[in-house]
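The block underneath contains the structure these notes are about, expressed in structure tokens.
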Amino acid sequence: MRGAQPRSNLFKRGIATAPTGPRNDLVKDRLPVPELCEQETQLITTVVGNYPKIPDMPAPGKWRSAVEKFQKGQLTEAELRQVEDEVTLEAIQDQVDAGVDLITDGQIRWEDGQTHFARRLRGLSINGLQRYFDTNIYFREPVAEGEIAWVEPISVRDFEFARRHSPRPVKPVVTGPFTLARLGRNAYYQSGREFVLALARALNAELRALQEAGAEIIQVDEPALCRYKQEYPLFAEAMTVLVDGVNTKKVLCTYFGDVDGMYPQLLQLPFEVIGLDFVAGYRNWDVIARAPFTKTLMCGILDARNTRLETVDEIGRAIRRITDVVPPDRVMVAPSAGLEFLPHGVAKRKLQRLVEGTRAASQALKGVQA
Amino acid sequence: MSLPLLPTTAVGSYPKPAYLLEARRKFLRKHLSKEELTELERRATREWIQIQEDAGMDLLVDGEQYRGDMVAYFADEMEGFAIAGLVRSYGNRYYPKPVVVGPVGRRHPVTVEWFRYAQSLTSKPVKGMLTGPYTIAEWSFNEHYPTRRELVLELARAIHQEVVDLQRAGARYIQIDEPAIHTRPEEDFDLAVEAMEIVTDGVGAYTVSHICYGDVPKIYPAMLKLAVNQLDLALKNEEFALLETFKKSPFTKDIGLGVVDAHSHRVESVEEVANGIRRTLGVIPAKQIFISPDCGLKTRTAEETVGKLRNMVEATKLVRKELTETRNRGIAETRTAPR
């Protein structure tokens, strides 16, 4: 039914009804404390965060056209925001249609993971383009030029919008202070440590604002951790500052590498869920076998950076390997990173396959337990 | 024709004029024939050759008016690729990302005709312009080869054939762009070096590799192992911070010195550009330096591009003059010195 309706009605219609239903309750109940119940073999699916903003060729897509018009002064900022809202609704729709349990807003409004936050914090300016890790994606470098401070909510409006329009629970995502610092430049603080901790204090206010807005689960993205492992003590210190007074369920999401050398210490961090990338961080397969995984594992097992579609069998085998080590009721299955590295059509198929593969694996697990 | 001291050149791409952008859109919608599009691409190429000559540049490029994207262009012309779709690069900039779906290889020479055409328009030398195997592999999805290594080396053999064909067509300067080379320095920089050895094996032409955006200090001085005569780098983007890196270990190849920022709208003044060159002269000898923009200029407006090229040439002339005066003074002083 829904698929048959014209896309243009999407915005007016809104996508969602109230965010309830057994599956949603399952997602909420699961975190952080697993409760043994009859659905314990039902694995939860989620995403890391971003999602393609434009459709496949040849159409430029309404978002891209809108940005161009906005830059030429042919569109007001309010009109651009309206288009972003529409595209956000489509990103939500894709995730919901695919059957993903815990979704994001697709981060349609993010210029990039750094700029989105740095632009709205005091004390940071935005510098030139830099390559984002080992991708062919670029971001603008944030530079600390003064005392860093949180001024106003950055992502609360976006979270509220997504929640209002999603039948599934929504997970707001915040780029972590360590990654912001490592991908940024410090031209103000005496030490790198002070820079990281200042960002942690500022983002703590953002997490608190999200908590106040009713977020039940918040994800902190820290891909830089995999690249700067030697700084783990500082990272751990920053995480403590970051989550101070934040009582929602919290996800620490790493990607683009493994956590070899930081495990099992990582399990002591104040997060209920730890996200690991098992594609770029293939060593994580061995790492998690070294000590009991005492938290919920968000396992990134579908390659978010290659178009090749994993088969249901491959996903099943990967999940089986995970559940040999971590109980199924403490596993969330996800792509290895944000899906914006893929063209829209492929990203959508990855979501579908994620759910298809995970459901098949849940069935298989049920068979084993019965 | 030999090049002067501090030859001025460019990295590769220039912006496409409005009529060409419009034509490309029409072509995509099948409202324009391939022949009509090619005619406009040739017109734009002629215009850019003329602009470079007027600016007084020494070593020209064809401006890549016939390319959409530096990787997709080669993928389109070669075996084994499909285009997966558009992927965001930054802001609202997208590029069509290829996917390797079968064995890769050349069907026919890819760039030779355009090189011939551009060279026929000018008496100044024109560079042959290729995208390197490591970058093509890195910026494509790979659904076919079990390892990146196999894909990179197979592409290196194909690009080598293209280098040989360009040389045969008269190219004396051939640039092999590897902007992705420092993507995974710990993991496979050696692979990139091995691939470049295949690409330039037995080639007599002067070879250049353009490398940009990324952690250059991380691959320095290892990058000097690349089998090319010149490394072309973006210096202006970080206000010549790389010079500190080059002070630690001498720059043993020629350098293509990026002196104007390819991603800022501001046209740097002659004095500002000259200062960048002067600072570099304290670290790298003049005879090893080519002067160029940081990167391809296709994202700038035509006006910005022309402004940047002009000031780059004027600044170079200024510094050349200073170098000649210093040398003459040196000679004069030697002559008048008491025996």
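Per residue, how much accessible surface does segment B:18-336 expose to a 1.4 Å probe? Answer in Å², no decimals. Could you put the intermediate results ahead of the total?
Values: 13160 Å² over 319 residues.
On a per-residue basis, 41 Å².
Below 8 Å between Cα atoms, with a sequence gap of 6+, how large is the relative contact order for chain B in percent?
Numbers: 610 pairs, mean separation 62.3, N = 339.
Relative contact order for chain B comes out at 18 percent.
Quick one: which residues, 5+ away or cross-chain, put their amide H under 5 Å from the amide H of B:Ile289? H built at 1.01 Å from N.
Amide H neighbours of B:Ile289: B:Leu6, B:Ile255.
Report the FRET efficiency, 1/(1 + (r/R0)^6), for B:Asp76 and B:Ser269, where r is their Cβ-Cβ distance and R0 is 45 Å, rounded to 0.05.
0.70
From a point 7 Å beyond the Cα of A:Arg227 in the direction of its Cβ, which residues of segment A:118-147 have a backbone N at a distance under 17 Å?
A:118, A:127-144
Please provide three numbers in whole Å: the alpha-carbon extents of segment B:18-86 along the principal axes, with the largest listed first.
The Cα atoms of segment B:18-86 stretch 41, 27, 20 Å along their principal axes.
Run the numbers on segment A:294-341: which residues show a drop of 20 Å² or more in accessible area, chain on its own versus all protein chains together, using a 1.4 Å probe over heavy atoms?
Relative to the lone chain, where solvent access is computed with a 1.4 Å probe, segment A:294-341 loses at least 20 Å² at A:Arg305, A:Asn306, A:Thr307, A:Arg308, A:Glu340, A:Phe341.
For A:Ala213 and A:Ala78, compute 0.36 nm times the residue count separating them, minus their Cα-Cα distance, and round to one decimal in nm.
Working: separation 135, 0.36 × 135 = 48.60 nm, distance 2.30 nm.
Extra length from A:Ala213 to A:Ala78 when fully extended: 46.3 nm.
Compute the distribution of all C-alpha to C-alpha distances in the protein assembly as shown, in bins of 10 Å from 0, and list the percent of pairs in each, rounded to whole numbers.
Distribution as computed: 3, 14, 23, 25, 19, 11, 4, 1, 0, 0, 0 percent.
Per residue, what accessible area does chain A have, given a 1.4 Å probe and all protein chains present, in Å²?
Numbers: 14600 Å² over 370 residues.
Dividing the accessible area of chain A by its residue count gives 39 Å².
Identify all lysines with a Cα-Cα distance to B:Lys253 below 28 Å; exclude those on the same chain that are fewer than 8 residues away in sequence.
In chain and number order, the partners are B:Lys124, B:Lys127, B:Lys218, B:Lys225, B:Lys236, B:Lys287, B:Lys298, B:Lys308, B:Lys317, B:Lys321.
Counting pairs on different chains as well as pairs 8 or more places apart, how many Lys pairs in segment A:2-369 have Cα atoms under 15 Å apart?
9
For helix B:270-281, report the angle its Cα long axis makes with the longest principal axis of the Cα atoms of chain B; keep it between 0 and 90° and round to the nearest 10°.
Tilt relative to chain B: about 80 degrees.
Relative contact order (percent) for chain A, with alpha-carbon contacts under 8 angstrom and 6 or more residues of separation?
Numbers: 711 pairs, mean separation 73.7, N = 370.
Answer for chain A is 20 percent.
Do any residues of segment A:342-368 show a loss of at least 50 square angstrom of accessible area between the isolated chain and the full protein assembly, using a 1.4 Å probe, and if so which?
Residues of segment A:342-368 that lose at least 50 Å² of accessible area once the other chains are added: A:Pro343.
Between segment A:92-106 and segment A:177-193, what's the alpha-carbon centroid distance in Å?
34
Taking all protein chains as present, what is the carbon and sulfur share of the accessible area of chain A, in % to the nearest whole number, probe 1.4 Å?
Details: 7150 of 14600 Å².
Whole-percent figure for carbon plus sulfur exposure: 49.
Regarding segment B:18-336, what's the average projected area of the Cα-atom convex hull, expressed in nm²? Write down the numbers at each step before the final one.
Numbers: hull surface 70.4 nm².
Its average projected convex-hull area is 17.6 nm².
Give me the number: length gained by fully extending B:His31 to B:Glu53, i.e. 0.36 nm times residue separation minus the C-alpha to C-alpha distance, one decimal in nm. Don't jump to the answer; show the numbers that get you there.
Working: separation 22, 0.36 × 22 = 7.92 nm, distance 3.39 nm.
Stretched out fully, the B:His31 to B:Glu53 stretch lengthens by 4.5 nm.
State, in square angstrom and to the nearest 100, the accessible area buried between chains A and B, both chains counted, probe radius 1.4 Å. Please list the in-between numbers first.
Details: alone 15900 and 15380 Å², together 28710 Å².
Buried area between the two chains comes out at roughly 2600 Å².
Could you work out how far apart the two model spin labels at A:Arg122 and A:Thr311 are, taking each label as a point 7 Å from the Cα in the direction of the beta carbon, and quote it in nm?
Label-label distance for A:Arg122 and A:Thr311, simple model: 5.9 nm.
At 1.306 mPa s and 10 °C, plugging the Kirkwood radius over alpha-carbon pairs of chain A into Stokes-Einstein gives what diffusion coefficient in µm²/s?
Using the Kirkwood radius from Cα pairs, D works out to 76 µm²/s.
Please grab the % of Cα pairs in segment A:132-186 that end up more than 18 Å from each other.
On the way: 786 of 1485 pairs.
That tail contains 53 percent of the Cα-Cα pairs.
In segment B:84-117, what residues drop by 40 Å² or more in accessible surface going from the chain by itself to the full protein assembly, probe 1.4 Å?
Residues losing area: B:Leu86, B:Val87, B:Arg88, B:Ser89, B:Tyr90, B:Asn92, B:Tyr94.
Accessible area of chain B with a 1.4 Å probe: how many percent of it is carbon plus sulfur? Provide the component values of the computation, followed by the final result.
Details: 7150 of 14110 Å².
Here it works out to 51 percent.
Compute a Gaussian network model of chain A, connecting alpha carbons closer than 10 Å, and tell me which residue from A:Pro292, A:Pro270, A:Pro327 fluctuates the most.
So, out of A:Pro292, A:Pro270, A:Pro327, the one fluctuating most is A:Pro292.
For B:Arg46 paired with A:Val151, estimate the spin-label separation in nm (one decimal), with each label point 7 Å from Cα along the Cα-to-Cβ line.
For the pair B:Arg46/A:Val151, the computed spacing is 5.3 nm.
Can you tell me the orientation of helix B:18-28 relative to chain B, as the angle in degrees between its alpha-carbon axis and the longest Cα principal axis, to the nearest 10?
Around 20 degrees separate the two axes.
Whole angstrom only: what separates the Cα centroid of segment B:194-252 from the Cα centroid of segment A:150-166?
Segment B:194-252 and segment A:150-166 have Cα centres separated by 45 Å.
So what is the relative contact order of segment A:271-370, in percent, for Cα pairs below 8 Å that sit 6 or more residues apart? Could you put the intermediate results ahead of the total?
Details: 132 pairs, mean separation 31.8, N = 100.
Reported relative contact order: 32 percent.
Amide H to amide H under 5 Å from B:Ser140: which residues, 5+ apart in sequence or cross-chain, H placed 1.01 Å off N in plane?
Result for B:Ser140 returns nothing.
Highest GNM mean-square fluctuation, chain A, Cα pairs closer than 10 Å: which of A:Leu225, A:Leu234, A:Leu199?
Result: A:Leu234 has the largest fluctuation of those listed.
With every protein chain left in place, what is the accessible area of B:Arg172 in Å² (1.4 Å probe, nearest 10)?
That residue has around 120 Å² of solvent-accessible surface.
Just B:Leu297, B:Leu60, B:Leu151 to compare: in a GNM of chain B, with alpha carbon springs under 10 Å, which one fluctuates most?
B:Leu151
Once label points are set 7 Å from the Cα along Cα→Cβ at both B:Asn328 and A:Arg349, what is their separation, rounded to one decimal in nm?
Rounded to a tenth, the inter-label distance reads 6.8 nm.
The values are calculated or read from the model by the stated rules, or taken from the named source; none is laboratory data. Note that the coordinates shown come from a computational prediction; the quantities given were computed from them, not determined experimentally. Note: ideal-geometry Cβ built from the backbone for every residue, glycine included; neighbour counts use all protein chains shown. Surface areas here come from the heavy atoms of the whole protein model, side chains and all, with no ligands, DNA or RNA. Shrake-Rupley method; radii C 1.70, N 1.55, O 1.52, S 1.80 Å.
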